[in-house]
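Just so you know, all these numbers are worked out from the coordinates, no wet-lab data involved. Because the structure is a prediction, the values reported are computed rather than measured. Reconstructed Cβ throughout: ideal geometry from the backbone, glycine too, with neighbour counts over all protein chains shown.
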Amino acid sequence: MNRLKTKWLGAALAALCLWAAPGQALAATVVVDAGHGGSDPGAIGVNGLQEKVVNLDISRKVRDLLMERGYDVRMSRDSDIYLSLSERVAYAKAQQADLFVSIHANSYSNPSTRGAMVLYYDDAYPQASYPASEEMRALSSESRELAQRVLDGFLASAGGTNRGLVPSAVYVVRMGNIPSILVETAFLSNAEDAAMLSTDSARNLMAVGIADGIEAYMPAAADGFADIRSHWAREAIIRLKEQGIVDGSPGGRFEPARALTRAEWVTLLGRVFDLGSANSACPAGSGSVSGSVYEDCKPSSAAANGNRTGGISSGTSSAVPRGGSSSKSPAAVQGAADFRDVTAKHWAFSQLDQAVKTGLLEGYPDGTLRPNQTVSRAEVAVLFERLAQLPTAGTDTGPFRDTPAGHWAAPAIAALKKSGLIDGATATSFAPDKSMTRAEAATLLDRYMRSGSR
């Protein structure tokens, strides 16, 4: 009764899946753990039924139901083999899964005891001799909610006596790193329950109830992303997903705390704005964004005619061509491919190319565009304001102490702050050089999409 996925294909592929594939269905991953097995039969029913057989059959039925509903399902065992408790938890961790559900049948010394219960780890009831992992301690409320949903689904489908939720220190629910539960379907020590567990129809109903509970807790797409369930930016991210502006990485995650790259930000901007409007949307003045070369806001005649030939920085004593070294003529630079670190094979090449040609995105004096470099909060503000063409803040001082009026990004930051589109890191600071996270970028875009500024 005692009783997640090596999907990362590199940073470039993760970025591709996250920003360049709107509408792709990304399934939540569930590890279904059939209790006991092999040399460990588990409980033996009053009718001679072995628990390991019941557990595996119900687990397979749950797997099939979940897969039909769009889940990515992993079985800790799909045959009559023995796995230690630590091996089961290690397997779940290796899958980088979203949920862990262990399926068992019960047994008790009193033969009249029957019904279903669900075990989970609750940090409100710690057991000193059986400490839980730090992750499971923090996940107590999530595991409890999963347990309740599954118990409700189970009883609604299979009926029977409700024996409730049981805070437990069994290994598989206290040592993992994702919401985890152990379902005790019925008592093999009770004649009625044992007879029920021996029938395929009853096992089917139990499997349906468990699958229903899992789905009630976390839909197959988990609102699109499995890692934003309790995140402060969840609603904004979901709205953007529904509009096809963002999508997830392998495993159905959004990675809200991960830093945004220049390529990702340009891709997102291209989904919200016409990047061709960049030249007419520059903020007043010029400046350096993370060392990038930014020319003045007046488009060249070539750009105005739809044939951008390059540009030079302003406000510096020596002009540097957009594409790189001073030995290269500005007229030689046509688009993203003229930067030595960008090729047509880059996942965001078309967006980068358009952004360069229209003057939205500038390169560095060493001839690089650095598309995979993280983008700062200040750079995000400047590029966004260039396209949004927001009303100026109309003040001589910036809204934050660390971006005073003389700061190169102050006009853009002030305009976004005045429009209610962006917040500071604190009430008085903006943290302009700090990397912008995916959640922060999503919040900015969502506020703009819902505002009257659009």
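Which loop GluC sites (Glu not before Pro) in segment 34-89, with loop taken from DSSP, have no more than 12 other Cβ atoms within 10 angstrom of their Cβ? Before the final figure, lay out the partial values.
On the way: sites: E51, E68, E87; in loops: none.
Here no loop site has a sparse enough neighbourhood.
Report the percentage of all Cα-Cα pairs in segment 27-220 whose separation exceeds 22 Å, rounded to a whole percent. Present the calculation step by step, with values, prior to reporting the outcome.
Numbers: 7617 of 18721 pairs.
Result: 41 percent of Cα pairs exceed 22 Å.
Given 0.36 nm per residue, what is the gain on full extension from A94 to N47 after removing their alpha carbon distance, in nm? Show your work: numbers first, answer last.
On the way: separation 47, 0.36 × 47 = 16.92 nm, distance 3.75 nm.
Additional length available on full extension: 13.2 nm.
Please order T392, T261, T374 by the number of other Cβ within 10 Å, starting at the fewest.
Values: T392 13, T261 23, T374 18.
Ranking T392, T261, T374 by Cβ neighbours within 10 Å, fewest first, gives T392, T374, T261.
Arranged by the count of other C-beta atoms within 10 angstrom, fewest first, what order do I178, I81 take?
Values: I178 23, I81 14.
The fewest-first ordering by Cβ neighbours comes to I81, I178.
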